[in-house]
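The values are calculated or read from the model by the stated rules, or taken from the named source; none is laboratory data. What you see is a predicted model, and the numbers here were worked out from it, not measured in a lab. When we count neighbours, we look across all protein chains shown, and the Cβ atoms used for this are built from the backbone with ideal geometry, even at glycine.
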Amino acid sequence: MKKDLQKKPQLLGGAIALVVLGFTAGCGGGGTAGDPAAELTDDQKSIEVVVGSVADLAGDVKRLRELFTKESAPSATMAKKYSSRMFQIDYDSEIAVTGDTATMNVKVFTYDDPPTEETKTWKAQKVGDAWKLSDAPL
C-alpha cells in the first residue's frame with residue numbers, strides 16, 4: 001500500500017509536466033501566421049510606417065507635409081481633413097512596389113456618427129532613400 005501512495009505523486013507530477021510542456025510548445029513567439037506585416041519587404045514596411053504616421057502628424061501641417069512629395073503636399077485645409085480620420089493599410093491586397101513607385105489600398109475611417117470606412121488607392125514615390133505619399137485621396 002505504501003508503494004502505491006508513493007507512485008501517485010510521481011504520476012501526477014509527470015502528467016502536469018506534459019500539460020505544461022504542451023502549452024509552452026504551442027505558445028512560442030516565433031510564429032507569424034496572424035501578423036500581416038511579418039512578410040513585408042523593407043520598402044513595404046517603410047511605406048506602412050508613412051501611412052501609419054498620417055493621422056498622427058495631421059495636427060502639425062509642416063510635419064504632415066514631410067510625408068508627401070513636394071507636388072502632393074496637402075494644404076492646411078486638407079491637413080485638417082486628414083486629422084479627422086484614421087488610416088490603415090488594407091492587408092487583403094498587396095503594397096505593390098515597382099521600382100521607385102508604389103500603390104496600396106488604404107482603409108480610411110471617419111469619426112462621423114455613424115463612423116464610416118472606405119478603401120482608397122494611395123500612391124507613394126521613393127524620394128532619395130525615403131518613401132513619400134504622392135497621392136492619398138480621402
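Of the residues making up region 53-65, those that are in contact (Cβ under 8 Å) with a residue 24 or more places away in the chain and either surrounded by fewer than 16 Cβ atoms within 10 Å (Cβ to Cβ) or assigned to a loop (DSSP other than H, G, I, E, B) (or both) are Ala58, Gly59.
Return yes when Lys62 is among the basic types (Lys, Arg) and at pLDDT 95 or above and no when it is not.
Yes.
Residue count for region 87-104 satisfying the condition of being surrounded by fewer than 17 Cβ atoms within 10 Å (Cβ to Cβ) and assigned to a strand (DSSP E or B): 4.
Contact map, region 111-129: residues that are in contact (Cβ under 8 Å) with a residue 60 or more places away in the chain paired with residues that are part of a loop (DSSP other than H, G, I, E, B), Cβ distance under 9 Å, separation 6+ or inter-chain. Pairs shown: Trp122/Ala136; Trp122/Pro137; Ala124/Thr69; Ala124/Ile95; Ala124/Ala136; Lys126/Gly99; Lys126/Asp100.
With respect to the conditions (1) under 30 Å from Gly128 (Cβ atoms); (2) surrounded by 10 or more Cβ atoms within 10 Å (Cβ to Cβ); (3) modelled with pLDDT under 95, Ser72 falls short on a single one, namely (3).
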